[in-house]
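Heads up, the thing below is written out as structure tokens.
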Amino acid sequence: MTRPELRLSSSQLATNIEAVRERIAPSALMLVMKDDAYGHGITWTVETAERAGVEWFGSYDVAGGLEIRRVLERPAHVFAWATSTDSEIDEALLQQIDLGVGTAEYLARIIARADILGIRARVHLKIDTGLHRNGILVEDWPSVMQIAREAEAHGAIELVGVWSHLAEASDPEDDDAQRLFLQAVQEAAESGPTPPWQHLTASAASWWRPELRGTLSRIGAFCYGIRSADGPDLEGVRPVAELTATVIDRTEAGAVVAIGSFDGLPSTLAGMPVGTEHGVGTLSSIDLTTGVVSGVELSIGDRVWCFGAGVHGEETATTLAERIGTVGEEILTRLTARVRRVIVD
Ligand SMILES: *Cc1c(COP(=O)(O)O)cnc(C)c1O
């Protein structure tokens, strides 16, 4: 079998989750799983996270939320924040998926579906705090809140959360966003019970800006051990996945390895270092399904590490990403189905 492997460490994922939880306590962790759990695969990630005691799972869309729900063995919160169709709303209600709501129109449709099905929807209302990307505008917040409270009174919904998303571009901007966020929470509290789940921060702000954390933190990248581009290493957190390929031939140019751009490895990464058991080499060219490693003596059947935790001299996904001006998540989520997901521990 010469396809590349994405080797997944369950123990490292559990270690990272624990490190993140300790760091953000008493804020609770919502493990974000968009893009098939950042390329790691929803099934393995949910199983491992559930064993590690994670109680909140975040999906971009309802379809992903349903997949999470199918894998979960115990009750847990599943949150999906993309504006969805009526039939998706129905499935979300039947499978007890919390819904993130950023428009009055979406709220109205959820209320209507909840009335028809006779199932109370768990709603987290999103306030726009400056990103202008799906969120209720500050000036519309009071009227939308009133609609939510009326729906709550007749049993269609329960307002369980208030949330927003930070730009994480600069601290002052994030501070401004938090002010709007806290004001929205306060207005919610003045119109009824305080929604218990208040969430604003993702990986970087949750880790580095404790004062911005709410009662819940939505974290993807850092749980998978993916540090921020241009950000420092994280104490106690290491990459969960390593990408490896096998040497299938030897030529004048070097060792031919079975990985290429068809597997999702960007050809613009040609020249990147790779780890081996005989020292660090260079992946000097990247073709469709093969690449050539030079600078180190390799035999057919040897393994090459394209990214990982650095044990064999390979770089992390984020360090590779920085070479081509992107983020570590992107390196992982681009990997195609040709890459076998293999659980190593
Ligand atoms: C992706 C995403 C997150 C998680 O971001 P990380 O930086 O990976 O932790 C949280 N919230 C929303 C709305 C997102 O889209």
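For region 204-282 and region 81-138, what is the separation of their Cα centres, given in Å? If we compute the Cα centre of each part, the gap is 35 Å. Modelled spin-label separation between residue 22 and residue 134, with each label point placed 7 Å from Cα along the Cα-to-Cβ direction: 3.4 nm.
Once you order the gyration tensor axes a ≥ b ≥ c over the Cα atoms, which shape class does region 43-179 get: rounded for a/c under 1.5, otherwise prolate or oblate by comparing a/b with b/c?
Values: a/c = 2.13, a/b = 1.13, b/c = 1.89.
Since a/c reaches 1.5 but b/c is at least a/b, the shape of region 43-179 is classed as oblate.
Label sites at residue 324 and residue 71, each approximated as a point 7 angstrom past Cα along Cα to Cβ, lie 2.5 nm apart.
How much of the accessible area of the chain, probe 1.4 Å, is carbon plus sulfur, in whole percent? Carbon and sulfur together cover 50 percent of it. Our analysis of the chain gives Rg over Rh at 1.04, with the two radii drawn from alpha carbon positions and Rh computed by the Kirkwood formula. Test of understanding: extend the Cα→C-beta vector of residue 2 to 7 Å, then name every residue of region 245-268 with backbone N under 14 Å from that spot. Taking a point 7 Å out along Cα→Cβ of residue 2, the residues of region 245-268 whose backbone N falls under 14 Å are 245-251, 255-260.
Would you mind checking the tilt of helix 10-24 against the longest principal axis of the Cα atoms of the chain, expressed as 0 to 90 degrees and rounded to 10? It works out to around 40 degrees. Heavy-atom accessible surface of the chain, averaged per residue, reaches 42 Å², computed with a 1.4 Å probe.
Packing around the peptides 263-274, 135-146, taken as the average count of other Cβ atoms within 10 Å per residue, puts them in this order, highest first: 263-274, 135-146.
Taking every alpha-carbon pair under 8 Å whose residues sit at least 6 apart, the chain reaches a relative contact order of 19 percent. Taking every alpha-carbon pair under 8 Å whose residues sit at least 6 apart, region 241-343 reaches a relative contact order of 29 percent.
The angle separating the long axis of helix 171-190 from the principal Cα axis of greatest extent in the chain is about 30 degrees.
The values are calculated or read from the model by the stated rules, or taken from the named source; none is laboratory data. Predicted model, so just to flag it, every value in this text is computed and none were measured. Cβ: placed from backbone, ideal geometry, glycine included. Neighbour counts: every protein chain shown. These accessible areas exclude ligands, DNA and RNA; they are computed on the full protein's heavy atoms, side chains included. Shrake-Rupley method; radii C 1.70, N 1.55, O 1.52, S 1.80 Å.
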